[in-house]
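Enquirer: Could you have a look at this structure, given as structure tokens, before my questions?
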Amino acid sequence: MSFPSDFPAGFVWGVATAAYQIEGAVADDGRGESIWDRFSHTPGRTANGDTGDVACDHYHRWPEDLELIGNLGVAAYRFSIAWPRILPDGVTPNRHGGLPFYERLVDRLLERGIDPVVTLNHWDLPQALQDRGGWTSRDTVERFADYAATVFRSLGDRVRLWITHNEPWMVAFIGHYRGVHAPGLVDLQAALRAAHHLLLSHGAAVRAFRALGAAGEIGITLNLFPTYPVSESDADREAAAASAGYTNRWFLDPIFRQAYPADTVSRFERCGATMDFVEDGDLPLIASPIDFLGVNYYSPRRVSASGDEFGWHVQPGTASGRPTTAIGGEIYPDGLTGLLVGLQRDYGSVPLYVTENGAAVDDQIGPDGGVHDEARIDFLERHFAAAHRALQLGVDLRGYFVWSLMDNFEWAMGYGPRLGLTYVDYATQRRIPKDSFAFYRRFIAGTRERLARDARRPSP
Ligand code: FCB
């Protein structure tokens with residue numbers, strides 16, 4: 001197989017977004033408050049005090065955005081459903097709608113031959129549930145399973161791929177231990193409880209999905225970091241392995257091996273945490289078989305041994321000596337190949353999708369009115385090649401979703417970072433497809449043409 005001539009037939013090229021980052025319309029049609037509304041409106045939590053109140057106004061402009069998706073030529077569109085639109089207080093169904101917005105979107109996508117890929121939780125937990133403990137509370141597991149079942153009942157016949165949670169590590173640890181994301185706690189015990197309940201609710205949703213006999217496939221998306229020691233010293237190598245326990249194995253091992261990684265458990269216990277929230281039957285539920293694993297990859301982690309609380313230090317991306325994105329993430333395409341190969345080696349043959357990959361670039365509108373984001377094109381091309389190498393090495397990679405369709409609310413970093421294939425002028429809501437949009441469209445069209453040509457060629 002040579003790049004880029006033959007990605008396999010059926011390989012899914014897609015593009016991704018998330019509800020809170022693009023929709024706006026936070027009070028329309030009975031939507032309830034989410035933890036990101038509360039968090040972003042709390043002074044000091046986001047850059048410039050930016051909020052998702054308006055974002056890309058996608059809730060009102062979705063027909064225009066659908067045109068963009070259609071023009072891109074992708075086979076699939078990954079988006080998330082805003083839980084507070086479906087169950088505004090986390091319990092009671094929304095009398096004013098909620099689901100119809102997504103039903104319309106799904107139907108229009110299908111009419112164009114684009115497969116909807118639905119994420120159920122891309123971080124916007126109803127605030128009413130947070131007021132009762134949020135992910136630290138075991139009750140939220142049932143709430144999520146009920147929400148998932150409600151959505152499966154309405155869209156289960158039409159959606160091809162379902163993702164329970166997006167990046168539970170970010171929710172649990174960046175939201176409950178680092179305090180950088182909603183709900184903004186700094187409490188290791190709370191983070192571990194949150195991680196466990198996220199995993200448990202994933203299992204409960206998978207069980208509900210199977211019970212309802214929905215047509216599609218279901219999995220979870222993890223953000224995983226290929227992790228490298230900064231030197232070959234034993235101490236740095238041990239620190240790197242330990243750090244991967246925290247970011248990667250903490251989720252992979254329960255899902256695929258029905259157990260938390262013992263070395264990481266001991267490390268957390270040494271920091272004063274306990275695992276007293278794990279009950280009988282939890283791990284088998286978490287390990288309910290899934291149809292695929294979604295992988296979000298942006299940058300690797302380079303780690304050295306240190307006296308910090310966990311015993312490791314993560315080097316900033318800018319210290320790597322390699323090029324970085326506009327938000328300082330190291331650009332390292334080989335990390336993607338290694339990550340995918342390692343997953344297959346360590347966790348078996350579950351089909352994989354890259355559910356997010358993309359780059360923040362300091363995009364400017366040029367004098368000609370275009371956005372010439374060569375750096376993003378280069379980034380994507382090199383990461384596509386890295387995925388292709390993983391395929392050549394035998395990895396069962398089924399598809400690739402670029403983050404993101406358009407610039408959007410980048411969580412605590414607000415509207416500063418731009419990661420879209422489409423530039424959004426937030427003052428006017430004008431969408432300007434960037435050069436990378438045209439590049440991706442050509443790339444997808446090219447792979448399709450080559451497949452069609454090969455299919456016509458008589459076999460030797
Ligand atoms: C990921 C998130 C996604 C987006 C990208 C840049 O961690 O899943 O919503 O913010 O980062």
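The values are calculated or read from the model by the stated rules, or taken from the named source; none is laboratory data. Being a predicted model, the structure only gives us computed values, none of them experimental. Cβ sites come from the backbone with ideal geometry, for glycine too, and all protein chains shown count toward neighbours. We work out accessible area using only protein heavy atoms, side chains counted, and drop any ligands, DNA or RNA first. Shrake-Rupley method; radii C 1.70, N 1.55, O 1.52, S 1.80 Å.
Enquirer: Largest first, how would Val402, Val265 line up by accessible area (1.4 Å probe)? Kindly include the intermediate steps, with their values, before the conclusion.
Expert: Working: Val402 0, Val265 25 Å².
In descending accessible area the options line up as Val265, Val402.
Enquirer: For the chain, what relative contact order do you get, as a whole percent, if you take Cα pairs closer than 8 Å and at least 6 residues apart?
Expert: After rounding, I find 17 percent.
Enquirer: May I ask you to derive the relative contact order of the range 6-66, considering only C-alpha pairs under 8 Å and at least 6 residues apart, and to give it as an integer percent?
Expert: Computed over the range 6-66, the figure is 40 percent.
Enquirer: Also, quick follow-up: Quick one: check the C-alpha center-to-center distance for the range 1-78 versus the range 110-152, whole angstrom.
Expert: 16
Enquirer: Still on this structure: What is the extension gain from Arg257 to Arg95, computed as 0.36 nm multiplied by their sequence separation minus the C-alpha to C-alpha distance, in nm to one decimal?
Expert: 54.2 nm
Enquirer: Which value in nm describes the separation of the simple spin-label points at Asn48 and Glu309, placed 7 Å from the Cα toward the beta carbon?
Expert: Once both label points are built, they end up 3.1 nm from each other.
Enquirer: Another question, then. Which listed residue (Ala205, Ala455, Leu419) has the Cα farthest towards the positive end of the charge dipole for the chain, taking +1 on Lys and Arg C-beta and -1 on Asp and Glu C-beta about the Cα centre?
Expert: Comparing the listed Cα positions along the dipole, Ala455 ranks first.
Enquirer: Another question about this same structure. Keeping all protein chains in the complex and leaving out DNA, RNA and ligands, what accessible area do you get for His176 with a 1.4 Å probe, in Å² to the nearest 10?
Expert: 0
Enquirer: Next up: Please name which of Pro289, Ile432, Gln258 has its Cα lying farthest along the dipole of the chain towards the positive end, using unit charges on Cβ (Lys, Arg +1; Asp, Glu -1) and the Cα centre as origin.
Expert: Pro289
Enquirer: Before anything else, pin down the relative contact order of the range 65-177: Cα pairs under 8 Å, at least 6 apart, normalised by residue count, whole percent.
Expert: 32
Enquirer: If DNA, RNA and ligands are ignored and the probe is 1.4 Å, what is the ranking of Thr274, Thr325 by accessible area, most exposed first?
Expert: The ordering from most to least exposed comes out as Thr274, Thr325.
Enquirer: For a label point 7 Å from the Cα of Ala455 along Cα→C-beta, name the residues of the range 67-85 whose backbone N is under 11 Å from it.
Expert: The answer is none, because no backbone nitrogen lies closer than 11 Å to the label point.
Enquirer: Describe numerically, in nm with one decimal, the distance between label points set 7 Å from Cα along Cα→Cβ at Ala235 and at Arg132.
Expert: 4.9
Enquirer: Here's another thing I want to ask about it. Give the residues of the range 72-95 whose amide nitrogen is closer than 12 Å to a point set 7 Å from the Cα of Ala27 in the direction of its Cβ.
Expert: Label zone hits: none.
Enquirer: Related question: Which stretch or stretches of the range 152-178 have amide N atoms under 18 Å from the point lying 7 Å from Arg112's Cα along the Cα→Cβ direction?
Expert: Within reach of a label on Arg112: 159-161.
Enquirer: Magnitude of the Cβ-charge dipole of the range 4-456, K/R +1 and D/E -1, about the Cα centre, nearest 20 debye?
Expert: For the range 4-456, the charge dipole is close to 820 debye.
Enquirer: What does the extension gain come out to for Arg441 and Leu393, with contour length at 0.36 nm per residue minus their alpha carbon separation?
Expert: Numbers: separation 48, 0.36 × 48 = 17.28 nm, distance 2.63 nm.
Full-extension gain reported as 14.6 nm.
Enquirer: For the chain, what is the mean residue ellipticity at 222 nm derived from helices alone (per DSSP H run of n ≥ 4: -39500 (n - 2.57); sum divided by total residues; nearest 500 deg cm²/dmol)? Present the calculation step by step, with values, prior to reporting the outcome.
Expert: Values: 15 runs with 177 residues, N = 460.
Mean residue ellipticity, 222 nm, calculated: -12000 deg cm²/dmol.
Enquirer: OK, next. I need two numbers for the range 4-456: Rg to one decimal and Dmax as a whole number, Cα atoms only, in Å.
Expert: For the range 4-456, the Cα-based Rg and Dmax read 20.9, 64 Å.
Enquirer: Could you put Glu449, Glu356, Glu410 in order of accessible surface area, largest first, with the 1.4 Å probe and the full protein assembly present? Intermediate values should be presented prior to the final figure.
Expert: Details: Glu449 115, Glu356 10, Glu410 30 Å².
Accessible-area ranking of Glu449, Glu356, Glu410, largest first: Glu449, Glu410, Glu356.
Enquirer: On the full set of protein chains, 1.4 Å probe, figure out the accessible area of Ser349 and give it in Å² to the nearest 10.
Expert: Taking all protein chains as shown, Ser349 has close to 100 Å².
Enquirer: Oh, and also: How long are the semi-axes of the ellipsoid equivalent to the range 46-170, from square roots of 5 times the Cα gyration tensor eigenvalues, in whole Å, largest first?
Expert: 25, 18, 14
Enquirer: Tell me the accessible surface of Met413 in square angstrom (1.4 angstrom probe, heavy atoms of protein chains only), to the nearest ten.
Expert: Solvent-accessible area, nearest 10 Å²: 80 Å².
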